[in-house]
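Enquirer: Submitted below is the structure of interest, expressed as structure tokens.
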Amino acid sequence: MLRTIREDIQSVLKRDPAATGTLSVLLNYPGLHAVWMHRVNHWLWGRGFRLPARFLSQVSRHFTGIEIHPGATVGRRLFIDHGMGVVIGETA
């Protein structure tokens with residue numbers, strides 16, 4: 001899990017010239033926060049905990065402005081920059 005988190009942070013640092021360092025990425029990138037929450041929600045969804053997964057996806061949407069359905073499968077190193085209003089549906 002920690003390796004994945006490091007990989008995500010490095011992905012942002014490589015792709016966004018405005019990213020000034022690890023702490024900045026950790027604190028200021030809602031696209032990254034949305035992806036991390038999606039991973040938790042997707043895990044719950046896959047184990048049949050659909051109501052908690054949907055609820056937490058809405059909590060994440062409230063805080064990040066990015067909605068990712070817990071049933072959606074997203075790839076590694078997904079980077080959402082300026083993601084306000086982005087919606088990724090279950091069939092994505």
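Enquirer: Sorted by accessible area (1.4 Å probe), largest first, how do 79, 55, 63 line up?
Expert: 63, 55, 79
Enquirer: If DNA, RNA and ligands are ignored and the probe is 1.4 Å, what is the ranking of 81, 8 by accessible area, most exposed first?
Expert: Putting 81, 8 in descending order of accessible area: 81, 8.
Enquirer: Now a separate question. State the three equivalent ellipsoid semi-axes of the chain, derived from the C-alpha gyration tensor as the square roots of 5 times its eigenvalues, in descending order and whole Å.
Expert: 23, 14, 11
Enquirer: Here's another thing I want to ask about it. Could you tell me which of 30, 46, 65 has its Cα farthest along the dipole of the chain towards the positive end, charges placed at Cβ (Lys, Arg +1; Asp, Glu -1), taken about the Cα centre?
Expert: 46
Enquirer: Working from Cα positions, state the angle (0 to 90°, nearest 10) between the long axis of helix 50-64 and the longest principal axis of the chain.
Expert: Value to nearest ten degrees: 30.
Enquirer: Based on Cβ point charges of +1 for Lys and Arg and -1 for Asp and Glu, what charge dipole magnitude is obtained for the range 29-92 about its Cα centre, in debye rounded to the nearest 20?
Expert: Computed about the Cα centre, the dipole is about 240 debye.
Enquirer: Run the simple label-point estimate for residue 55 and residue 7 please: 7 Å along Cα→C-beta, distance reported in nm.
Expert: 3.1
The values are calculated or read from the model by the stated rules, or taken from the named source; none is laboratory data. Keep in mind that this is a model prediction, so the values were computed, not measured. As a convention, Cβ positions derive from the backbone with ideal geometry for all residues, glycine included, and neighbour counts pool all protein chains shown. Note: areas computed on protein heavy atoms with side chains; ligands, DNA, RNA excluded. Shrake-Rupley method; radii C 1.70, N 1.55, O 1.52, S 1.80 Å.
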